[in-house]
Amino acid sequence: MSANPQLVKYRMWIGGEWVDAASGAHFSSDDPFLGKPWASIPKGGAEDADRAVRAAHRALVTGPWPKMTASQRGALLRRLGDLIAPESKRLAEVEVRDNGKLYAEMSAQTAYMAQWYYYFGGLADKIEGAVIPSDKSDTFNYTRHEPVGVVVAIVPWNSPLLLTAWKLAPALAAGCTVVIKPSEFTSASILEFAKLIEQAGFPPGVVNIVTGFGADVGMPLVEHPLTGKVAFTGSERTGALVYQQAAKGLKRVTMELGGKSPNIVFDDAEIDNAVKGVISGIFAATGQTCIAGSRLLVQRSVHDQFVEKLVAFARTAKMGNPMHADTQVGPVTNPPQYRKILDYMAIAKGEGAKAVLGGDKATRPECGEGWFVEPTIFTGVSNRMRIAQEEVFGPVLSVIPFDDEDEAVAIGNDVVYGLAAGVWTQSMRRAFRMAEQLQAGTIWVNTYRAVSYLSPFGGYKRSGIGRESGQEMIREYLQTKSVWISLASEVPNPFIMR
Ligand code: NAD
């Protein structure tokens with residue numbers, strides 16, 4: 001299939017060159033607000049995956065990259081960070097074009113992502129090995145932390161550049177080389193970002209970007225014998241497939257997967273603040289975020305009052321063009337996701353939940369031809385319903401009442417996921433108790449959606465394996481080597497283990 005000339009045409013970036021797919025095929029990327037294609041993306045396949053992993057492997061073992069000191073790698077990362085600021089608005093525009101999220105949010109994200117490159121740039125030369133106190137006479141034993149090899153970074157469509165930064169910055173700081181596989185729905189911003197990587201002066205092949213569909217190009221990247229690690233963010237279903245395949249080659253993995261996070265409101269909470277926190281947890285980003293607080297657990301004594309305030313606030317949310325500064329809820333990113341959300345709304349109704357707000361597609365005139373659904377609140381939900389157990393990845397909130405703290409913990413933990421949880425209370429003692437008992441990688445108390453380059457992020461249970469951000473996670477891209485050096489003038493008896 002040849003590219004439609006009306007569309008913005010992109011090329012992949014492999015081995016420091018801008019290339020088409022080996023097959024010459026393209027696919028189109030849609031603008032979710034207009035519901036129409038706007039960009040043409042190379043449709044990579046196994047041959048392109050092989051080319052990219054080989055380029056990354058060449059750059060790992062030959063040329064300037066492995067000879068660079070950690071300080072030099074850090075300087076390159078910081079230079080990349082510097083290049084982001086003047087381009088962050090343009091990158092955000094491309095991202096909005098591709099995934100329909102609010103410009104206000106995406107521009108804040110693209111500006112903030114520079115921090116990951118600064119932070120890991122700074123960390124690169126602070127990774128120290130150890131001198132081990134040897135129990136063998138006349139030997140010197142020390143450790144080195146070395147890169148795990150070629151990293152395949154597979155990212156989803158909801159925050160393409162930020163989630164790429166979470167993998168790329170630490171992987172490069174550790175000395176790895178990287179092949180990025182963007183989502184087929186949102187490849188453009190990552191391809192635009194490659195221009196900054198090129199400008200920063202990373203040697204060819206250190207970063208490569210291969211576009212296309214998961215089965216065509218993602219899986220061959222995972223299976224490639226020269227791939228050392230797979231850093232995956234996406235759905236639990238695909239994550240399990242990738243994990244299984246990586247296991248066959250005994251490859252390292254980190255997995256950032258889905259969630260069904262509880263946002264828990266106690267009767268001693270500051271109710272107006274909690275309402276805002278619940279709204280931001282589920283309707284920001286049109287609910288298309290892994291950390292969506294999609295289950296509202298509210299103490300029965302304030303249930304009716306809280307739901308009334310929540311519905312009144314949510315009802316005012318302004319929908320429309322995601323580029324407009326006053327839009328609060330944008331479109332859904334792609335048609336399969338749009339259908340999935342509508343299906344879940346039908347499932348919830350079939351299960352007996354009551355839509356006290358929304359519950360259907362949005363047909364407001366300001367929504368045009370885009371894929372919009374109404375911000376939705378279901379009451380009468382029990383935690384056993386599918387709407388309470390399965391990730392919708394849309395602006396759909398399930399409200400579940402509870403009586404006391406123990407019940408809140410029990411319901412909060414009664415899902416297969418464990419990505420995040422919110423707690424709204426004025427009691428400090430309760431806050432600490434809840435933070436200890438909730439099974440999730442991130443707990444927010446009287447706030448929601450706070451993330452930082454400084455703080456580890458990741459999932460308990462089926463929400464993931466490993467962590468991203470923060471100091472400890474650079475280890476996910478390193479392996480430890482133990483070096484023994486004999487200082488003895490004579491090699492002892494060879495038949496006795498030392
Ligand atoms: P997805 O699993 O459909 O796709 C994610 C990536 O995997 C895409 O690049 C896709 O092309 C690729 N892929 C698909 N099939 C593949 C295969 N067989 N082999 C290799 N790669 C394959 O997820 P999505 O719909 O793009 O994203 C939404 C999901 O991501 C949600 O479940 C959300 O919770 C999750 N997510 C998690 C986090 C986190 O940090 N925990 C952050 C954002 C999104």
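The values are calculated or read from the model by the stated rules, or taken from the named source; none is laboratory data. Computed from a predicted structure; not experimentally measured. Cβ: placed from backbone, ideal geometry, glycine included. Neighbour counts: every protein chain shown. Side chains are part of the model used for accessible areas, which takes the heavy atoms of the whole protein and leaves out ligands, DNA and RNA. Shrake-Rupley method; radii C 1.70, N 1.55, O 1.52, S 1.80 Å.
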- [ ] Scan the helices (runs of 4 or more DSSP H) fully inside the range 187-261 and keep the ones with 2 or more residues being closer than 14 Å to VAL155 by Cα, open to solvent by 10 Å² or more (accessible area, probe 1.4 Å) and near the ligand (Cβ under 9 Å from one of its atoms).
- [x] 236-248
TODO: Would you tally the residues in the range 465-481 being in contact (Cβ under 8 Å) with a residue 40 or more places away in the chain and open to solvent by less than 10 Å² (accessible area, probe 1.4 Å)?
DONE: 5
Open item on the list: Can you go through VAL423, VAL409, VAL415 and tell me which one is in a loop (DSSP other than H, G, I, E, B), crowded, with 21+ Cβ neighbours inside 10 Å and in contact with a helix residue (DSSP H, G or I) (Cβ under 9 Å, 6 or more places away or on another chain)?
Closed with: VAL415
Open item on the list: Checking PRO335 against (1) under 16 Å from GLY287 (Cα atoms); (2) surrounded by 16 or more Cβ atoms within 10 Å (Cβ to Cβ); (3) not hydroxyl-bearing (Ser, Thr, Tyr), only one condition comes out false. Which one?
Closed with: (2)
TODO: Residue by residue through the range 427-475, note down the ones that are among the basic types (Lys, Arg) and within 15 Å of the ligand (Cβ to nearest atom).
DONE: ARG449, LYS461, ARG462, ARG467
Open item on the list: Scan the range 224-238 and tell me whether some residue there is modelled with pLDDT of 95 or more and touching a His at 6+ places or on another chain (Cβ under 6 Å).
Closed with: yes
Task: Counted residues, the range 379-400 - those being away from the ligand (no atom under 16 Å from the Cβ) and surrounded by fewer than 22 Cβ atoms within 10 Å (Cβ to Cβ) - done: 6
Open item on the list: If GLU436 meets every condition in (1) outside any helix (DSSP H, G or I); (2) free of Cβ contacts under 8 Å to residues at least 12 places away in the same chain apart from one, which number is that one?
Closed with: (1)
Open item on the list: Quick check on the range 272-284. Is at least one of its residues in contact (Cβ under 8 Å) with a residue 60 or more places away in the chain, over 25 Å from LYS43 (Cα atoms) and either within 10 Å of the ligand (Cβ to nearest atom) or of a type in the set (Ser, Thr, Tyr) (or both)?
Closed with: yes
Open item on the list: If I go through the range 85-132 residue by residue, how many of them are of a type in the set (Gly, Ala, Ser) and either open to solvent by 40 Å² or more (accessible area, probe 1.4 Å) or in contact with an Asp or Glu (Cβ under 7 Å, 6 or more places away or on another chain) (or both)?
Closed with: 6
Task: Count - residues of the range 225-241 that are among the small types (Gly, Ala, Ser), in contact (Cβ under 8 Å) with a residue 12 or more places away in the chain and out of contact with any Phe, Trp or Tyr (no Cβ under 6 Å at 6 or more places or on another chain) - done: 4
Task: the range 371-390, residues that are part of a loop (DSSP other than H, G, I, E, B) and either among the hydrophobic types (A, V, I, L, M, F, W, C) or under 15 Å from THR333 (Cβ atoms) (or both) - done: TRP371, PHE372, VAL381, MET385
- [ ] Find the residue count for the range 54-69, including only residues that are in a helix (DSSP H, G or I) and over 19 Å from ALA124 (Cα atoms).
- [x] 5
Task: Meets criteria (out of contact with any Ser or Thr (no Cβ under 9 Å at 6 or more places or on another chain) and either acidic (Asp, Glu) or under 30 Å from GLY281 (Cα atoms) (or both)) for ARG252 - done: no
Task: Cβ-Cβ under 6 Å pairs, at least 6 apart or on other chains, the range 64-86 side in the same structural domain as LEU123 (by TED's automatic domain parsing), far side of a type in the set (Val, Ile, Thr) - done: TRP65/VAL206
Open item on the list: So PRO160 ticks every box in (1) closer than 30 Å to TRP484 by Cα; (2) open to solvent by less than 50 Å² (accessible area, probe 1.4 Å); (3) not hydroxyl-bearing (Ser, Thr, Tyr) but one. Which box is left unticked?
Closed with: (1)
Task: Checking ARG449 against (1) of a type in the set (D, E, K, R); (2) crowded, with 16+ Cβ neighbours inside 10 Å; (3) without any contact (Cβ under 8 Å) to a residue 12 or more places away in the chain, the condition it does not meet - done: (3)
Open item on the list: I'm checking my understanding of the structure. Among residues of the range 391-402 that are assigned to a strand (DSSP E or B) and out of contact with any Phe, Trp or Tyr (no Cβ under 8 Å at 6 or more places or on another chain), which one is farthest from ALA355 (Cα to Cα)?
Closed with: PHE402
TODO: Say whether the condition of being over 28 Å from PRO203 (Cα atoms) and open to solvent by 30 Å² or more (accessible area, probe 1.4 Å) is met by at least one residue in the range 36-56.
DONE: yes
Task: Only one of GLY359, GLY277, GLY352 that is part of a loop (DSSP other than H, G, I, E, B) and in contact with a Gly (Cβ under 8 Å, 6 or more places away or on another chain) - done: GLY352
Open item on the list: I'd like to verify a number: residues in the range 22-34 that are within 26 Å of the chain's Cα centre (by Cα), open to solvent by less than 30 Å² (accessible area, probe 1.4 Å) and not hydroxyl-bearing (Ser, Thr, Tyr), how many?
Closed with: 4
